[in-house]
Amino acid sequence: MATAFGCVNNTIRLRSGLYLDLADPQPEQITLEDIAGGLSKLCRFGGQIEVFYSVAEHCVHCADQAERDGLPEETQIACLMHDAAEAFIGDMVKPLKIMMP
């Protein structure tokens with residue numbers, strides 16, 4: 001039997017099988033596994049690079065750098081999670097972000 005996937009109205013189906021309503025997201029529907037799984041499949045730089053470099057890998061590198069810099073654990077966690085929303089809504093490449101009002 002095939003696994004259902006995709007979007008229904010305002011919702012997206014997450015890796016966990018839950019549906020997240022983007023118009024009314026509920027914190028209990030969001031898991032670290034869904035964040036990590038989504039970010040691990042998103043390529044940085046709009047995919048316009050020679051070797052796949054995931055958003056998840058970027059977040060881990062940021063958190064590792066914060067640890068090497070001796071920053072507090074809260075800051076390290078913030079670095080790890082700074083792109084978490086992209087697991088659900090995708091990303092916009094930096095040049096486009098700069099052009100947005």
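So what is the calculated 222 nm ellipticity per residue for the chain, using -39500 (n - 2.57) for each DSSP H run with n of 4 or more, over all residues, to the nearest 500 deg cm²/dmol?
Working: 5 runs with 42 residues, N = 101.
Computed mean residue ellipticity for the chain: -11500 deg cm²/dmol.
Basic side chains Lys and Arg get +1 at the Cβ, acidic Asp and Glu get -1 at the Cβ, and with that the dipole of the chain about its Cα centre reaches some 440 debye.
How much net charge surrounds Pro27 when only other residues with a Cβ under 14 Å from its Cβ are counted (Lys, Arg +1; Asp, Glu -1)? Intermediate values should be presented prior to the final figure.
On the way: positive: none; negative: Asp21, Asp24, Glu28, Asp34.
Once positives and negatives cancel, what remains is -4.
Kirkwood hydrodynamic radius computed over the chain comes to 15.1 Å, based on all pairs of distinct alpha carbons.
All of the numbers you see were taken from the coordinates with simple rules; none came from a lab. All figures in this text were calculated on a predicted structure; none of them were measured in a lab. Every residue, glycine as well, gets a Cβ built from its backbone with ideal geometry; the counts of neighbours run over all protein chains shown.
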